[in-house]
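The values are calculated or read from the model by the stated rules, or taken from the named source; none is laboratory data. All figures in this text were calculated on a predicted structure; none of them were measured in a lab. Cβ atoms come from the backbone with ideal geometry, glycine included; neighbour counts cover every protein chain shown.
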Amino acid sequence: MKKWSYVIMLLGLCVILYPTVNNWLDDRAQAQLLKEAEVQSRKPLDLTRVSSESAVPDYQKISNLLDEGDDDEASEEVEPLDPDSLKDGEVLGVIRYGKLDIKLPIVEGATKQNMKSAAVHVTGTGLAGVEGNMAVAAHRAHKTGRLFNRLGEAEVGDTLEVDQGGQTYTYEVDKIHIVEPTEVSVLNPTPGETALTLITCDPLVNPTHRLIVHAVLKK
């Protein structure tokens, strides 16, 4: 009888500690990837390798992953990433939103592993500093300060930066809105404009929509 009591206590302890351990593993993986991204962001990036395919399929995959949330499964170790071509898993740079304490690696491609520890670039959209619209998505994690958890605090006039290809590009938020998950027009570029669009789920709990923070490159 005493033996089963110990087993039940141990199982209860595991349940209680699981979220803490899971968050620790996620934070550790993010820190490792961020270190790699900071190095990669200082290297020149061949912009001719940007995919010309439609961004909609990748956005749909990202939207599905946003609906799943970021903490439904235990974290996985981040695999070494191959920087030789613009493909799923390539580290493109770093996004920094000082006011919200956001500093994340930007990784190419919509996969569950990428979105556990990084913001992901929507394949088919532009890159930083180039005329067009660079779309970046991340989970709105439940843990305060993790991933895009605080993106709901964004305000028009805020500035944020993207380190990419040895350059730092500064953007200013000019529009914030909430849309349906199927609204793909948020990916569309505006002629003559160099833009950055941040995408996450809304609301934080049981999300049904997408929070869109649109910013333009400061001259």
Requested in this report: Identify, from the list THR197, THR190, the residue that is of a type in the set (Ser, Thr, Tyr) and outside any strand (DSSP E or B).
Outcome: THR190
Query raised in the report: Somewhere in region 109-122, is a residue within 18 Å of GLN32 (Cβ to Cβ), charged (D, E, K, R) and not in a strand (DSSP E or B)?
Result: yes
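When you go through VAL216, VAL205, VAL179, VAL122 one by one, which is the residue that is touching a Phe, Trp or Tyr at 6+ places or on another chain (Cβ under 8 Å), over 17 Å from GLY98 (Cβ atoms) and either surrounded by fewer than 16 Cβ atoms within 10 Å (Cβ to Cβ) or modelled with pLDDT under 95 (or both)? Outline the logic, then answer.
Details: VAL216 fails: either surrounded by fewer than 16 Cβ atoms within 10 Å (Cβ to Cβ) or modelled with pLDDT under 95 (or both); VAL205 fails: touching a Phe, Trp or Tyr at 6+ places or on another chain (Cβ under 8 Å); VAL179 fails: touching a Phe, Trp or Tyr at 6+ places or on another chain (Cβ under 8 Å).
Selected residue: VAL122, the only one of VAL216, VAL205, VAL179, VAL122 that is touching a Phe, Trp or Tyr at 6+ places or on another chain (Cβ under 8 Å), over 17 Å from GLY98 (Cβ atoms) and either surrounded by fewer than 16 Cβ atoms within 10 Å (Cβ to Cβ) or modelled with pLDDT under 95 (or both).
Please work out which residue is modelled with the lowest pLDDT, limiting yourself to region 66-101 and to residues that are outside any loop (DSSP other than H, G, I, E, B) and surrounded by fewer than 20 Cβ atoms within 10 Å (Cβ to Cβ). If you could, list the steps in order and put the result at the bottom.
First, pick out the residues of region 66-101 that are outside any loop (DSSP other than H, G, I, E, B): 66-68, 91-100.
Adding the requirement that they be surrounded by fewer than 20 Cβ atoms within 10 Å (Cβ to Cβ) leaves 67-68, 96, 98-100.
Working: ASP67: 82, GLU68: 79, ARG96: 96, GLY98: 95, LYS99: 96, LEU100: 96.
Only one residue tops the list, namely GLU68.
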Requested in this report: Could you grab me the full set of residues in region 165-187 that are touching a residue at least 60 places away in the same chain (Cβ under 8 Å) and either part of a helix (DSSP H, G or I) or out of contact with any helix residue (DSSP H, G or I) (no Cβ under 9 Å at 6 or more places or on another chain) (or both)?
Outcome: GLY166, VAL184, LEU187
**Report entry** Matching residues, region 162-219, being closer than 19 Å to ALA119 by Cβ and among the polar types (S, T, N, Q)
**Finding:** GLN164, GLN167, THR168, THR170, THR194, THR197, THR200
